[in-house]
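Colleague: Below you will find the structure I want to go over with you.
The values are calculated or read from the model by the stated rules, or taken from the named source; none is laboratory data. Keep in mind that this is a model prediction, so the values were computed, not measured. Ideal geometry is used to build each Cβ from the backbone, glycine not excepted, and the neighbour counts take in all protein chains shown. In case anyone asks, the SASA skips ligands and DNA or RNA and just uses the protein heavy atoms, side chains included. Shrake-Rupley method; radii C 1.70, N 1.55, O 1.52, S 1.80 Å.
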Amino acid sequence: MSALSTPPPPLSDQPLIVNWGLGKDSSAFLARVLTDPDACGIDLSRMVVLTLMPGSEWPDTLADAEKHILPLLRRRGVRYVQVARAGQSRRAGIDVLDDSRAPWIITGRGRWALEEELETNGTVPQQAGGRICSIRAKGEPGDDWVAGEFPGRPFTQVLGYHAGEQFRAERDRAADTNPLRTAWFPLIDWGWGDRECEDFLYDSFGVRWKKSYCTFCCFPVSLGALPAHLDRMRRYPKIAARTLRLEYTSMRLNPNSRLFGRRSLFEQFSHDHSEDTAVLKAFAEELQACPWGVYRVRRILPAKAGAPDKRGPAMRSVELLRRDSPDRIARVLRDLAGKRQLPVEDDDLYGSVRVWLRKRGEGFPAMEELLVSAPALVHSKERPRFAERWAALTGLR
């Protein structure tokens, strides 16, 4: 193997932390380095491989990583650390799931998982917010582990952005506020793009590496990879069903809360297509198996500061009023709607009923209020000062 570009000088005397996201690019870097570290100019005794676990990686990606990369880590005795966030609040700290120089398994999740946080909040990842979920699930616990492991020490951090992702490297540098951290993007230095990474892994292991991302990610559609994403879900119908349940619950509380912004995941599958049958059957079983309840949902949509004709960040209150069977809750809600002549919306396919107590009007601030039956997985929660703001706008307490 020919020598690659010499690493930057900071690598010579600092801990080298390799962020391994289990995907193609960072796996190609690790495979190259662990195969011939001298050609890459890297001292493996200073290298720590770090994986941050959101809790919902695809099984085939985990299988590829365990089968092909872990043996190289064991052979070289390189330290491999697996970390997860310990709770919803950053104050909960982190869980070190494994810390070994002879790793045999990848622990897919810890006590906290991003998917569970989203479901208990009754929401889905938001495309408009960028990759905030990645910051919470990976960025923050990774920063906390490094600060605890190497307090006050300069370190070099390897990120696996390939040669076609220069913009991501520039964005990382622009956002970096840690004076102890030096970021290194070796694939960019080597000129390795997406194809070079894929081909190197294929030449090394004889596999086309599976893409790494959370099973409920909202970005495959915007990245132009939705068909492959849906095919993957068809291979794992139980995983698809859990993601559909996440979206379904969110959309019952807020009809606009589709996984892909203007498109929902559910509408990508059809009862008329045999290849979708297993997914939709598993989804129906998920809804039947989970507890149901009736929620009161109130939402305030204020005017944007300085732009009264535009909407600002919404405020929401969600209350779980009672748990019961879907059929009994539906009857109660329909009776209420009939007696008070309120708009009612039935989901004839899966049995949820939504009754509008107040629909938003024109302009801002706007308010809306509804009662809805849905899986009883969302925790009662409201924004600070919501009740005070609601009372001021509606005149009701």
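Colleague: Suppose we filter the stretch 336-350 for residues that are touching a residue at least 12 places away in the same chain (Cβ under 8 Å), more than 16 Å from Arg252 (Cβ to Cβ) and part of a loop (DSSP other than H, G, I, E, B); how many remain?
Modeller: Result for the stretch 336-350: 1.
Colleague: Moving on to the next point. Identify, please: which residue in the stretch 47-64 is surrounded by fewer than 17 Cβ atoms within 10 Å (Cβ to Cβ) and not aliphatic (A, V, I, L, M) and is, among those, farthest from the chain's Cα centre (by Cα)?
Modeller: The qualifying residue farthest from the chain's Cα centre (by Cα) is Asp60.
Colleague: Restricted to the stretch 273-294, and to residues that are in contact with a strand residue (DSSP E or B) (Cβ under 8 Å, 6 or more places away or on another chain), open to solvent by less than 50 Å² (accessible area, probe 1.4 Å) and not in a strand (DSSP E or B), which residue is farthest from Cys218 (Cα to Cα)?
Modeller: Ranking the candidates gives Cys290 first.
Colleague: Next up: Mind checking which residues of the stretch 45-96 are outside any helix (DSSP H, G or I), of a type outside the set (Val, Ile, Thr) and under 27 Å from His229 (Cα atoms)?
Modeller: Leu50, Leu52, Met53, Pro54, Gly55, Ser56, Glu57, Trp58, Gln82, Ala84, Arg85
Colleague: Still on this structure: Select from the stretch 383-397 the residues that are under 19 Å from Leu321 (Cα atoms) and open to solvent by less than 80 Å² (accessible area, probe 1.4 Å) and list them in ascending order.
Modeller: Scanning the stretch 383-397 gives Phe386, Ala387, Trp390.
Colleague: Right, another one. Of the residues Ser270, Ser212, only one is of a type in the set (Ser, Thr, Tyr), in contact with a helix residue (DSSP H, G or I) (Cβ under 6 Å, 6 or more places away or on another chain) and loosely packed, with under 14 Cβ neighbours inside 10 Å; which?
Modeller: Criteria check complete, one pass: Ser270.
Colleague: Look through Leu11, Leu30 and report the one residue that is open to solvent by less than 30 Å² (accessible area, probe 1.4 Å), in a helix (DSSP H, G or I), touching a strand residue (DSSP E or B) at 6+ places or on another chain (Cβ under 9 Å) and at pLDDT below 95.
Modeller: Leu11
Colleague: Considering the stretch 186-217 alone, what residues qualify as being of a type in the set (A, V, I, L, M) and part of a helix (DSSP H, G or I)?
Modeller: Correct list: Leu187, Ile188, Leu201.
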